[in-house]
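Only one structure is covered here, and it is reproduced in the block below.
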Amino acid sequence: MNFFPAALRADMDRRLQKYQDRPWSWKLSFYLGHPQYRTLLWYRLYEANQGLLQRFCGTLYRRSAIRSGLEILTPRLGGGVIMPHWGRIVLNAGEIGENLYVFHNVTIGHDYRTGRPRLGNNVFLGTGAILLGAISVGDNVIIGAGSLVNTDIPSNSLAVGNPAKVIRAIAPDEIQRMIGY
């Protein structure tokens, strides 16, 4: 049994890295004060535990998901997730790598024909982005707001539009500079 999973620690560390000078009590209050992070906390605890504790955390996850609009149906969700705004977010991918940065009104899901998307590490999804089908999104990718992604996006790319097209390549370290995390 792992009450405090490593992925949850990575989520909290990444979100709170700007507040290193604050006391731990303030950081915990800040993190739990946001509905999307409360939902993510209960999801992580539900996935990491077994038995009665898992059922308890699962119940709290489902209640929190209804309130926050965050729906996580992904079998593997890497650590370091940041959601700066809460709103309807559906994460229904085959796999999502480390350090996902996702804004509100994002849908990642299957298209009922081909399967679910797979996302690499260090992916940024702008507001209203939609990723559908058995596509692959590489590492270090930025997908712009309002983009519809239904084809593969290679690593180190900036993609925008409906349907999304790669408009330029980006350096692996450029994504951190562009989004600030």
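All of the numbers you see were taken from the coordinates with simple rules; none came from a lab. Worth saying up front: this structure is predicted, and the values here are computed from it rather than measured. Counting neighbours? That spans all protein chains shown, and the Cβs are built from the backbone with ideal geometry, glycine included.
Applying the criteria of a DSSP loop state and at most 13 other Cβ atoms within 10 Å to the chymotrypsin sites (Phe, Trp or Tyr not before Pro) of the stretch 3-42 yields Phe3. Remark: the chain carries a charge dipole of roughly 540 debye about the Cα centre, counting +1 on each Lys and Arg Cβ and -1 on each Asp and Glu Cβ.
From the alpha carbon centroid of the stretch 128-171 to that of the stretch 70-106 is 15 Å. For Val149, nonlocal amide neighbours, meaning residues 5 or more places apart or on other chains whose placed amide H falls under 5 Å from its own, are Ile130, Leu131, Leu132, Ala164. Here the calculated FRET efficiency for Arg22 and Ala169, from their Cβ-Cβ distance with R0 = 30 Å, stands at 0.20, rounded to the nearest 0.05. Its DSSP H runs of at least 4 residues, each contributing -39,500 (n - 2.57), put the calculated 222 nm mean residue ellipticity of the chain at -9500 deg cm²/dmol, to the nearest 500. Of the trypsin sites (Lys or Arg not before Pro) found in the stretch 1-81, those in coil by DSSP whose Cβ has at most 13 other Cβ atoms within 10 Å are Arg76.
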